[in-house]
1. Give the Rg/Rh ratio for the protein assembly as shown, taking Rg as the radius of gyration of the Cα atoms and Rh as the Kirkwood radius, to two decimals.
2. Taking a cut-off of 21 Å, what percent of all Cα-Cα pairs in region C:71-181 are separated by more than that?
3. As a test of the definition: which semi-axes, in Å, follow for region D:265-314 when you take the square root of five times each eigenvalue of its alpha carbon gyration tensor? Largest first, please.
4. Enter the Cα centre distance for the pair region D:283-341 and region D:78-110, rounded to the nearest angstrom.
5. Residues with amide H under 5 Å of B:Trp308's amide H, sequence separation 5 or more or different chain, H placed in the peptide plane at 1.01 Å from N; which?
6. How big is the dipole moment of region D:253-340 about its Cα centre under a simple scheme where the beta carbon of each Lys and Arg is +1, that of each Asp and Glu is -1, and everything else is neutral? Debye, nearest 20, please.
7. Convex hull over the Cα atoms of region D:3-136, averaged projected area in nm²?
8. Please report C:Arg173, B:Arg224 as a ranked list, fewest other C-beta atoms within 10 angstrom at the top and most at the bottom.
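A short reminder: the numbers here are calculations on the coordinates, not readings from a lab. The structure presented is a predicted model; accordingly, all values stated were derived computationally and were not measured. With ideal geometry, Cβ positions are generated from the backbone for all residues, glycine too; neighbour counts draw on all protein chains shown.
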Protein chains: 4
Amino acid sequence: MKKYSFKNDYSEGAHPSILERLINTNLEQAIGYGEDEFCNEARASIKEKIKKEAAIHFVSGGTQANQIVISSILRPHESVIAAESGHIAVHETGAIEATGHKINTVSTSNGKLTPKEVQHVLDTHTDEHMVKPKLVYISNSTEIGSVYTKEELTTLYTFCKEKNLYLFVDGARLASALTSSKSDVTLEDMANLSDVFYIGGTKNGALIGEAIVINDLKLDEDFRYNIKQKGGMLAKGRLIGIQFAELFKNDLFFELGKYANNIAQKLAEGLSNKGYQFLTEPSSNQIFPILPNQLIEKLQNDFEFYVWSKIDENNSSIRLVTSWSTPEEKINEFLEKINKI
Amino acid sequence: MKKYSFKNDYSEGAHPSILERLINTNLEQAIGYGEDEFCNEARASIKEKIKKEAAIHFVSGGTQANQIVISSILRPHESVIAAESGHIAVHETGAIEATGHKINTVSTSNGKLTPKEVQHVLDTHTDEHMVKPKLVYISNSTEIGSVYTKEELTTLYTFCKEKNLYLFVDGARLASALTSSKSDVTLEDMANLSDVFYIGGTKNGALIGEAIVINDLKLDEDFRYNIKQKGGMLAKGRLIGIQFAELFKNDLFFELGKYANNIAQKLAEGLSNKGYQFLTEPSSNQIFPILPNQLIEKLQNDFEFYVWSKIDENNSSIRLVTSWSTPEEKINEFLEKINKI
Amino acid sequence: MKKYSFKNDYSEGAHPSILERLINTNLEQAIGYGEDEFCNEARASIKEKIKKEAAIHFVSGGTQANQIVISSILRPHESVIAAESGHIAVHETGAIEATGHKINTVSTSNGKLTPKEVQHVLDTHTDEHMVKPKLVYISNSTEIGSVYTKEELTTLYTFCKEKNLYLFVDGARLASALTSSKSDVTLEDMANLSDVFYIGGTKNGALIGEAIVINDLKLDEDFRYNIKQKGGMLAKGRLIGIQFAELFKNDLFFELGKYANNIAQKLAEGLSNKGYQFLTEPSSNQIFPILPNQLIEKLQNDFEFYVWSKIDENNSSIRLVTSWSTPEEKINEFLEKINKI
Amino acid sequence: MKKYSFKNDYSEGAHPSILERLINTNLEQAIGYGEDEFCNEARASIKEKIKKEAAIHFVSGGTQANQIVISSILRPHESVIAAESGHIAVHETGAIEATGHKINTVSTSNGKLTPKEVQHVLDTHTDEHMVKPKLVYISNSTEIGSVYTKEELTTLYTFCKEKNLYLFVDGARLASALTSSKSDVTLEDMANLSDVFYIGGTKNGALIGEAIVINDLKLDEDFRYNIKQKGGMLAKGRLIGIQFAELFKNDLFFELGKYANNIAQKLAEGLSNKGYQFLTEPSSNQIFPILPNQLIEKLQNDFEFYVWSKIDENNSSIRLVTSWSTPEEKINEFLEKINKI
């Protein structure tokens, strides 16, 4: 029997509603490349939520979304400011640099950027012998599970506008961020407090797909050329359109994010009740409990998860990720397993 | 009522077997990024067909496949030789140049390359003030519906090897090419007569996905890094693995290609019987009949298709594309419509 | 004894006035990177000629000038329109593509572009599946020695502005073009009839150096960042500043160009008097006489030059290039040599 | 009267021997693009010093040398390991990233890399979701004036070879490094303890020019294509050839480096005798004394130099750079000025 995996939130297929819609629409003819009626339906639903005339484009993955947005916006000498732990800085095999742009990284305690760190980069980039920082990249939720509050986001965005910087938000796990009990940010806020952001589908119940939302319409000029050039324009664009249409019908998107958070919270509480600490405060669908190495080894007999970092000689943090599809019973099994050990 | 579209072979969703498999496997957990058991099943099935230890990678689209393969293989100063009508030369928004490589184009009468045209490029690129041609790109079937014979492919590949050039075949419509009555090429031949090729899924019954087959294993070194960097590595790699597993079970891939060809042939014969000529000999699932402009206008009331090129004052060629999902009755309706006009 | 070379206009060092100025200023301290007083002196002299507040930057060579200008101006999906014979299209080892941009080439009879060819590229690039043509590149004089008239340049520039295209002029041999008897274009005209152009020093008496003149000041934004990034910002920027300061003092630049043209014209007339034809009308310091192959072989015993193209079984065109430093006696020797043969 | 500048080692023109040779050879015809007899003479002289059959290429500046070497060697997904203070990481406007490659930076105390820092990067780059570190970049002397010993260089190079990494040395100030009293490294050592290095001319008496030395001849394959593509191939290649021929005749190169070091040492000793400390141990032609802010302000009335870093409320470090052309009297004036204040 396979071990149950808490490794990530993309281990299963799609939410059943999505599969059903794919089947029901399968033989309807649609034009290609994201200009079909399904994509338009999804666009309308998202715009209704953000209450704004944004431009919305669908692509197949997060690295692709990041690469297309950043390379489309920046001139060759302009750079990106990101946290050292930022996905583009570490886990995209140099996708941003591959389009010619340097990433100026700053260290953070919790994966989140503030004006202070951004200002430091500005202060140390003063003339044409250095790159010109022009775009601030953040993730919400971050790579270590933290989420931005509305105040934090407002402060950062206001600062960016003062400094003539773009703010771009990687929302691979945006559903979990927006439905976190630690967050008061809405999708509408995202549209008002960033220049561009993307809404992650892959990690929230879709088979594939991210929705790029361009709030600053000047940045939308010729954007589709850049999607095409970077290999992001699907012939059967309907595939992603249908999924986002479903996700944003009856708030399924938020419901799935909320479920993942709740189940993660339940897991966190169970661990906390047993006296375990966390690397970072559990806020979204990724939690990082600190466990004795011996316990970790035994848990690995029944579950899959990543060992995240060494805490001391005897303890390590691990990463547990839940999703829309995590059965509550697996949480219970995990907690029971600890009891037995 | 919507008009029926002969515009392309990606107007519908997926073959029902594929949808069924997606549903049946939906809640099985699988690891991400193309290393799951479904991808491995698909790899095994393809290798069985090509009888060779090739490396097989799945990506989401043709432009992406072309960009990743070419940019992974070439050094910065090396160029690609392609037909003027080649997809990479025209319809990929400069995706190859975006990775730094020039395309040296040559004109052809039928979309196919021969050693003669390639030799011409070699003859005119003689020193370091010019790019160094290093990879020959062909499409099978080509952008205008023609297909390579085994002899043509053998001649070209032998020539490439003599000249120390790579041969890369864009197989967006490979199913149609291999099952064409004009072609004696098998999938096994493709693996023996090219260094890399890709097998198109999107245009042959899949929702999404192309399978890159690297025959020269030296070219596979670190290839996954390049897939990732160019945004081609799907978190839910299973999505494409499942589809190719289905396509290569019981020869569904070939069956769908054959169907598209047959239905195109029927349409071609019907038009031929009415006395119409073709821009290029009907060989695969794209045909290019030459019709009076008046007739074209009337047909447009009931069908969608591209007007391809002006022939003379009164006649134009049009492009009609069939697929695995084209109902035979639509062929009949099209031919009847002509009768009535 | 070495054979005298008519291969190009950069076989010797610099005009003596330039060397003298280098010596006289050698130990004066100057700040680096092109912001020194010598560069400013050169800028002032050039601006006086063009009667315009342009931005002027100095770089070391033509490929560098072309690469920096084009990559600084264009967005990733935008392309360049150039003649098939254009230097960037053939003889720069893909330097433009290396920065991500496709070159759309058009064939011309005489190396010069007109609105007709440009319009053809626009007509065939209609949506986001293709690159977006945005900049027209021409050379004056062209790679085959022809020169633009003021009317031709005005027509082309007016057309570009109507179509929202930039016009960039490669002036590697601008001195020869502007002082050609076939041209009525002045340096001031160049500044009014292009968005950016560069003034070639290397081929007109300098050791090294080209002066980029940006007439459309919006295109100058952050231009120095791009010079630096592409390796074009010399620490001892004075080296080029001093040379252009000398070239534009007392019209030395024009005098040297005129001399090269006169001596080329004398050579052309001598050949014409002997009954020889030319591949293109002799207009500048590159001439292309058509000679019997047997004569060419004999001339090669005493002179170096490029055999340019085969005309028929018995005749070929050759390229003869003169410069500011070509001694009149070498022209005489060449013509006499023909007499003797 | 202009203030005397200690800002850098490229404030003046060239050593008189170089100018003289330029004048004496001025009207000799030579073929272009670095294949002339002067370049060959320089190559022979350098090879004699390194006692090795290396490939030697001349380019115009350090950023260009770094960009061409690195982009020619690496595949798209491969990265560079450099010190945070490395020139390519800070002061080249993203020239390396512009060719698609990430730089993995590590912090150092003295600007020098050791196996320990390199190993850390290797340890944290483990799969295809991250770039693949492949080339180690160091500067000798470093950006803060320190120099490598033969033991340090041997240890690092041995480590690189074990780990299948290339070692590339930026020698913009190599003359000063090799003639430092703190260094026992010879030019021959440089050739045996790196895969590629470059010899700086611009900062050691030349008008312009760096000599790239490729010790690992496999890395020389098609290197000239990459020089050309990146705009580094001068038409009048003789300009740099002549200068390096002079620099390596009678050991002028080493003599000039030694002079710059001696004069810097004299300045350092003078400051030390007055009781001042240094940010880093004075080792080459860049020294970083720590002075009271009030003193710095007064010195700025008579001298130009960079204020480098704040030490505490009342003291800062400054950077003083000497060169082959720094008159001893200016050192004396500087020290006297301090006495008077």
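1. With Rg and the Kirkwood Rh in hand, the quotient comes to 0.99.
2. 32 percent
3. 17, 13, 11
4. 29 Å
5. B:Ser317, B:Ile318, B:Arg319
6. With Lys and Arg at +1 and Asp and Glu at -1, about 40 debye.
7. Average projection, Cα convex hull of region D:3-136: 12.4 nm².
8. B:Arg224, C:Arg173
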